[in-house]
Amino acid sequence: MDHIFNKRVGAVLFLGFSSGLPLALSGGTLQAWLTVEGVDIKTIGLFSLVGLPYTLKFFWSPIMDRFVVPILGRRRGWILLCQFGLIGIIFGMSVSSPKNALWLLAFLALCLSFVSASQDVAIDAYRTEVLKEPERGLGAGVSVTGYRVAMLVSGALALILSDYLGWETTYMIMALLMGIGVMAVWFGPEPDDIGVPPASIREAVLDPFSEFFSRPGAWALLALIVLYKLGDAFAGSLTTTFLIRGVHFSVAEVGAINKGMGLASTIIGALFGGVLMARLRLFNSLLIFGAFQAVSNLSFMVLALVGKNYPLMIFTIAFENLSGGMGTAAFVAFLMALCNNRFTATQFALLSAFASLGRVFVGPLSGVLVDGMGWTTFFFSTFIFALPGLVLLWIMQDAVKAYESEAVRAS
């Protein structure tokens, strides 16, 4: 197993940190800053719109496939350019003020989201191209780990620092921490096969679609992408509400166990799943980890039946997040395997957008289901919602196994 712990995987780990750090700085942490400074609730609500670039990044990803920044190669050049932009924007936010320059701060937050989403596009493409097939699972796992740790740093740690150092100094520190990603991209290796960039913007926009949909079973692959994490998305959409309102744990207990231990379990699951993937390979990992995801939803059903029970709550949260982390590692590796390296940025952005459809639409439906059937039946239904993805995966096992090779990425 030692051969999969190498410079490529190390670069992916620290680039995952670089990817996750800006998110809270334009989201939850910024919201806390605005709240402390007495900004009215309607304006704070409007600030949530600055996160739109994260959902729209596939619109400009063809530009990052088509053009090459003339330093450090096809993908690392874009990453470095975005990182320098992020450092400048975060520093600019640190010297702004919600009291005196609110709309300048809003503009900078929107710029932060746009450049951060662009960095994500380039990092996803680089990770897909630089990792060899046996490394994809672990690469996905360490990327998730870096991302989650960075969210903790720019979220919880930033809030703590702001109490002692003030918001301006806190944001300056966050800008400096982006240097971790700069070092990672500077010392990270180039992919063995960087692919030939599209010859024109038209080709960069249209060819990723035509290439993907020319493959046998393309629509079934898209259905699998949407369905694979659907049950997990349903169960996770109202977890916090269930623990507080459904089984009456306190907010502090939910924060410590669901958020704290849940984060640790997700990281462990992603890393453990990534290591296992080197032995199990892609299809077996997707099937086994997907089955664990489905079964973990039943532990919430048991908790709903039993009621407030601390050991059962701890087991449920740990099991759900552990299996979810394992499933995420396998799923990200699957998305990487589906990309043609001529259009990695665009295809990964599009495929990940399809994957997020479930998370977007399950929230409103989950509330309706809980209201109509209660918590116990709801969590049993989330187990049922996980099964179509597993059945489709089993039906498509020959196609999925074919993507375990380098055939698509090298074509």
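The values are calculated or read from the model by the stated rules, or taken from the named source; none is laboratory data. It should be emphasised that the depicted structure is a prediction, and the values quoted were computed from it without experimental measurement. No Cβ is skipped: glycine too gets one built from the backbone with ideal geometry, and neighbour counts run over all protein chains shown. Only protein heavy atoms, including side chains, enter the accessible area calculation; ligands, DNA and RNA are left aside. Shrake-Rupley method; radii C 1.70, N 1.55, O 1.52, S 1.80 Å.
Take G137 and decide whether it is in contact (Cβ under 8 Å) with a residue 60 or more places away in the chain, over 29 Å from Q31 (Cβ atoms) and in contact with a Leu (Cβ under 8 Å, 6 or more places away or on another chain).
yes
Which one is nearest to I244 (Cα to Cα), of the residues in region 255-307 that are among the aromatic types (F, W, Y) and open to solvent by less than 20 Å² (accessible area, probe 1.4 Å)?
Once the filter is applied, the top-ranked residue is F300.
So which pairs qualify, if the first residue must be in region 288-303 and under 13 Å from F331 (Cα atoms), the second must be of a type in the set (A, V, I, L, M) and open to solvent by 40 Å² or more (accessible area, probe 1.4 Å), the Cβ gap must be under 8 Å, and the two must be at least 6 apart or on different chains?
That search, which allows pairs on different chains as well, returns I288/L280.
Identify the residue in region 203-252 that is more than 18 Å from N297 (Cβ to Cβ) and among the β-branched types (V, I, T) and, among all such residues, is surrounded by the fewest Cβ atoms within 10 Å (Cβ to Cβ).
In this case the residue turns out to be V251.
Got a number for residues in region 327-346 being open to solvent by less than 10 Å² (accessible area, probe 1.4 Å) and either without any contact (Cβ under 8 Å) to a residue 40 or more places away in the chain or under 16 Å from the mean Cα position of the chain (by Cα) (or both)?
So the count comes out to 8.
If you check L46 against the conditions, is it crowded, with 16+ Cβ neighbours inside 10 Å and either part of a loop (DSSP other than H, G, I, E, B) or not β-branched (V, I, T) (or both)?
no
Quick one: which of T169, T128 is surrounded by fewer than 23 Cβ atoms within 10 Å (Cβ to Cβ) and of a type in the set (S, T, N, Q)?
Of the residues listed, the single one that is surrounded by fewer than 23 Cβ atoms within 10 Å (Cβ to Cβ) and of a type in the set (S, T, N, Q) is T169.
Can you tell me which of (1) open to solvent by 40 Å² or more (accessible area, probe 1.4 Å); (2) touching a residue at least 40 places away in the same chain (Cβ under 8 Å); (3) within 25 Å of the chain's Cα centre (by Cα) is the one G155 doesn't meet?
For G155, the exception is condition (1).
Hey, could you check region 29-43 for residues that are among the charged types (D, E, K, R) and exposed (fewer than 12 other Cβ atoms within 10 Å of the Cβ) and say which is farthest from the chain's Cα centre (by Cα)? Give the derivation first.
The first filter runs over region 29-43 and keeps only residues among the charged types (D, E, K, R), leaving 37, 40, 42.
Filter once more, keeping what is exposed (fewer than 12 other Cβ atoms within 10 Å of the Cβ): 40, 42.
On the way: D40: 31, K42: 28 Å.
The extreme case among them is D40.
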